[in-house]
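A.B. asks: Take this structure first; my questions come after.
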Amino acid sequence: MPVAIIVIIAMLWFGAVTKHIARTYGENYVKEHFPKMQLKCVGVEWSNAHGDYLIAFKDSNGKTYSCVIYPAHFPTTLGQGLFGIEEDYAENFK
């Protein structure tokens with residue numbers, strides 16, 4: 001029985017839980033750093049090509065932005081793609 005519990009926890013941690021962490025952290029990050037853009041998370045997916053998650057946001061005008069969010073087991077750092085959001089924010093809201 002303890003082995004089954006460990007297996008279930010591991011399956012959740014490497015799937016639903018990490019996706020939820022990525023979504024929650026990504027949403028909070030963009031709300032704090034880019035509040036005027038009103039970005040909404042529209043998806044979080046695992047990317048085999050990057051070895052991390054990809055998180056996508058849509059702004060109030062319908063423009064979509066995507067970023068890598070890592071590390072794989074506790075995704076709390078936005079990476080590649082963040083520069084595009086920062087650039088648009090600086091150009092349009094500062």
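A.B. asks: Give the residue that is nearest to the chain's Cα centre (by Cα), with candidates limited to residues of region 73-94 that are surrounded by 14 or more Cβ atoms within 10 Å (Cβ to Cβ) and hydrophobic (A, V, I, L, M, F, W, C).
C.D. replies: Among those that are surrounded by 14 or more Cβ atoms within 10 Å (Cβ to Cβ) and hydrophobic (A, V, I, L, M, F, W, C), it is LEU78.
A.B. asks: What's the total number of residues in region 36-47 that are surrounded by 17 or more Cβ atoms within 10 Å (Cβ to Cβ) and either assigned to a loop (DSSP other than H, G, I, E, B) or not hydrophobic (A, V, I, L, M, F, W, C) (or both)?
C.D. replies: 1
A.B. asks: Hey, can you tell me all the residues within region 11-36 that are of a type outside the set (S, T, N, Q) and in contact with a strand residue (DSSP E or B) (Cβ under 8 Å, 6 or more places away or on another chain)?
C.D. replies: As a first pass, look at region 11-36 and keep what is of a type outside the set (S, T, N, Q): 11-17, 19-23, 25-27, 29-36.
Result: LYS19, ALA22, ARG23, TYR25, GLY26, GLU27, TYR29, VAL30.
A.B. asks: When you look at LYS63, is it in contact with a helix residue (DSSP H, G or I) (Cβ under 9 Å, 6 or more places away or on another chain) and among the basic types (Lys, Arg), yes or no? Give the steps one after another, and end with the answer.
C.D. replies: Numbers: in contact with a helix residue (DSSP H, G or I) (Cβ under 9 Å, 6 or more places away or on another chain): yes; among the basic types (Lys, Arg): yes.
In short, yes.
Conditions tested, residue by residue: (1) at pLDDT 95 or above; (2) surrounded by 14 or more Cβ atoms within 10 Å (Cβ to Cβ); (3) touching a Pro at 6+ places or on another chain (Cβ under 8 Å).
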{"site": "ALA10", "(1), (2), (3)": "no, no, no"}
{"site": "TRP13", "(1), (2), (3)": "no, no, no"}
{"site": "THR18", "(1), (2), (3)": "no, yes, yes"}
{"site": "ILE21", "(1), (2), (3)": "no, yes, yes"}
{"site": "PHE34", "(1), (2), (3)": "yes, yes, no"}
{"site": "SER60", "(1), (2), (3)": "no, no, no"}
{"site": "PRO71", "(1), (2), (3)": "no, no, no"}
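A.B. asks: Check region 48-57 and report whether any residue there is loosely packed, with under 14 Cβ neighbours inside 10 Å and either at pLDDT 95 or above or part of a helix (DSSP H, G or I) (or both).
C.D. replies: Looking for residues that are loosely packed, with under 14 Cβ neighbours inside 10 Å and either at pLDDT 95 or above or part of a helix (DSSP H, G or I) (or both), one finds none in region 48-57, hence no.
The values are calculated or read from the model by the stated rules, or taken from the named source; none is laboratory data. None of the values given here were measured: they were computed from a predicted structure. For neighbour counting, all protein chains shown are included, and Cβ atoms are generated from backbone atoms with ideal geometry for every residue, glycine included.
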